[in-house]
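Below is one structure, written out as structure tokens, with a few remarks after it.
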């Protein structure tokens, strides 16, 4: 039996918390006739159903990749059991053949030899130039340092999913609290919140994010003692990126919610609740929030694909995830000069393209189905 | 009109001040000039004297808000906030870490940015509006369905792939244009072809779909049915009535970005080697030159606020009901 120690990175914990929250939502939605009918509308269309299946596939990869553990190393008897410093995930364990079979350098998909020839001493002592045989068949080839491209792409899925979802988690409380408060209370509260989001909005998005990432990087560099492993460090960097994206990205939804709340607060049922002396907080939570929930769900689903794409651009700019974290942005960045090689190395870029395209397209189609089902105005 | 503009410009001041405070908090509050110096001097083994020397050289050897050692007004003016942050209001951007004047660099580099961004913007707008009108004209037909599917597919591709794919396909294999480079004047036109084309194509999915939704919303209104009923041609309805009435939401999204065209595009400029403000910014981020990043943040906000004011002016221009006072 293999002796392992489960390891929970902070992002794993947050991700499972998020999954639990989604679970609670599903449980509640199942009991409400209305919510059931709306969600049935999402899955009624063929594209919506297919997109949901593809998303479910990606999410299950991401979840498998979030169950981390460390393998025990040989420890002399009598001492406490020691564990390897390398943090692995269940996905790594499933993909062990791909992960461990690394080559010297590039090899094409399903190739039996490496891409480049080198001088090899044959059995009879003569020297020939031929491409050395590889140790393992790679369905999508290997990259410059000989890593399996399929394995890299599957590992990148988790990064993309985390950025798409955790950012939302950071952004939602700000967008909801500030958007509802601005619309409901009006007056100086509205002025102050509008000032806040106009100021944030006025800064070019990429620059603000890049500036914040630069500052976080400086802090991470200055406090190497905070991290006990490279994985924890890369993990914190990823979380910081999500937090930054969330803190700068709440303005759009807040604006929408403010406009909707402005309309809602004049309606009869809110006026009635006020006349009965219901407190402001309770009115906001019980009467206003459920009636803007469709806007929140639509915008969360819509933002997801944009965030996954933003990661690629930010990594290129140098303000993305840790260079050691497998991500689509880092894959593209590493592969973008390879098309200029002779012979052309196209498979790392093509793989990144195909995976990213499939993920984002599924997310976009799913978002469309959600919007069609949730938007009362329908036609869009 | 003049009163309106003055009031809007006065409103802009607190926003710019807020931007200034935010960037100041980021660069001087959370991280400090000492951290900056250590990054530029490299690594951990930097002596305190070397850090002090770097700070003196670059003018960071001042207190944040209040200089007790100064005399008279120097107590307030000889501080980091005034020297590094408030001076931006006078468009005095100071010197970059390599000692060059940021203001002069910006003045020099905004023209190449504009030469690429301006045609991309206007050709793009025309192409997106044309695509959207085309799809709306064929609404509820197979053409519209296929077109929308195509647009969703196009918007699911990362911008980086458009640039990489375009460079390989158009420049390397088909040799339509040089793969990258820049030259001023007419001789530089060949260098513009590729970035402009790629810039236009990469935005088509998102924008055309957005405009299509706007036009569809207008097309469902009563005045469109009336126009049909009184026998106007579908072309006239589309171009005069629907396009005209959708002008306000279109302008809302479009006019605000026009001043920002000066800043150029980060991705296009760095891939195509265009010496504009976009590549300047990317280089600054990668070299961790905080002075340039701060200057660009301020400039970006300033241009955005100008864009907001221009948007309001454009409303008055297209919609006779809007009066600015």
Residue by residue through B:159-165, how many Cβ atoms from other chains fall within 10 Å of the Cβ on average?
6
What Kirkwood Rh does region B:2-90 have if only Cα atoms enter the pairwise 1/r average? Answer in Å.
14.9 Å
What number, in percent, do you get for the relative contact order of region B:2-90 if the mean sequence gap of Cα pairs under 8 Å and at least 6 apart is divided by its residue count?
20 percent
Over region A:60-103, equivalent-ellipsoid semi-axes from the Cα gyration tensor in Å:
25, 14, 6
Here, region A:303-356 modelled as identical Cα point scatterers in vacuum has Debye log10 I(q)/I(0) at q = 0.29, 0.31 Å⁻¹ of -1.13, -1.20
Two-decimal ratio, chain A, of alpha-carbon radius of gyration to 2.2 N^0.38 Å
1.19
With a point put 7 Å past each Cα toward its Cβ, work out how far residue A:49 is from residue A:129 in nm, to one decimal.
5.8 nm
How much length is gained on full extension from residue A:20 to residue A:279, taking 0.36 nm per residue of separation minus their Cα-Cα distance?
90.2 nm
Multiplying the sequence separation of residue B:41 and residue B:126 by 0.36 nm and subtracting their Cα-Cα distance, what value in nm do you get?
25.7 nm
In nm, spacing of pseudo-spin labels at residue A:8 and residue B:25 (7 Å Cα→C-beta vector)
3.2 nm
Inter-centroid distance (Cα atoms) of region A:170-239 relative to region A:282-337, Å
13 Å
The convex hull of the Cα atoms of region A:165-275, divided by residue count, gives a volume in Å³ per residue of 129 Å³
So the angle from the long Cα axis of helix A:46-64 to the longest Cα principal axis of chain A, reported in degrees to the nearest 10, equals 60 degrees
Would you work out the relative contact order for chain A, in percent, from Cα pairs under 8 angstrom that are 6 or more residues apart?
21 percent
Given a Förster radius of 22 Å and the C-beta distance between residue B:17 and residue A:190 as r, what FRET efficiency does 1/(1 + (r/R0)^6) yield to the nearest 0.05?
0.65
Nearest 10 degrees, 0 to 90: helix B:2-24 Cα axis against chain B principal axis
50 degrees
When a footprinting reagent is the concern and you count Cβ atoms within 10 Å, what order do B:228, B:58 take, fewest first?
B:228, B:58
For region A:1-123, rounded, prolate or oblate, judged on the Cα gyration tensor with a ≥ b ≥ c (square roots of eigenvalues), a/c < 1.5 rounded, else prolate if a/b > b/c?
oblate
Hull-based mean projected area of the protein assembly as shown, where the convex hull spans the alpha carbons, in square nanometres:
43.6 nm²
Students often get this wrong: which residues of region B:43-74 have the backbone nitrogen under 18 Å from the point 7 angstrom along Cα-to-C-beta of residue B:101?
B:58-59
Which order do A:242, A:176 fall in if you start with the one that has the fewest other Cβ atoms within 10 Å?
A:176, A:242
Per DSSP H run of at least 4 residues, take -39500 (n - 2.57); add these up for chain A, divide by its residues and hand me the 222 nm value, nearest 500 deg cm²/dmol.
-21500 deg cm²/dmol
Of every Cα-Cα pair in region B:66-111, the percentage lying beyond 13 Å is 63 percent
Pick from A:61, A:270, A:209: which is most flexible by mean-square fluctuation in a GNM of chain A where alpha carbon atoms under 10 Å apart are linked?
A:270
Chain B - mean residue ellipticity at 222 nm from DSSP helices (-39,500 (n - 2.57) per run, n ≥ 4, rounded to 500):
-19500 deg cm²/dmol
Chain B: relative contact order as a whole-number percent, Cα under 8 Å and 6+ apart:
22 percent
Enumerate the residues in region B:81-118 having an amide nitrogen under 15 Å from the point lying 7 Å beyond the Cα of residue B:283 toward its Cβ.
B:96-113
As a percent rounded to 5, the proportion of antiparallel DSSP bridges among beta bridges in the protein assembly as shown is 100 percent
Sorted by Cβ density within 10 Å, fewest first, the residues B:75, A:263:
A:263, B:75
If you project the alpha carbons of region A:99-218 onto the principal axes, what extent comes out on each, in Å, largest first?
91, 24, 20
What is the mean projected area of the alpha carbon convex hull for region B:106-324, to one decimal in square nanometres?
14.8 nm²
Over all alpha-carbon pairs in region B:83-162, figure out the percentage whose distance exceeds 14 Å.
77 percent
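Every read-out reported here was derived from the displayed coordinates using simple, explicitly stated rules and does not represent laboratory data. What you are looking at is a predicted structure, and each value in this text was computed from that prediction instead of being measured. Glycine also receives a Cβ, built like all others from the backbone with ideal geometry; neighbour counts cover every protein chain displayed.
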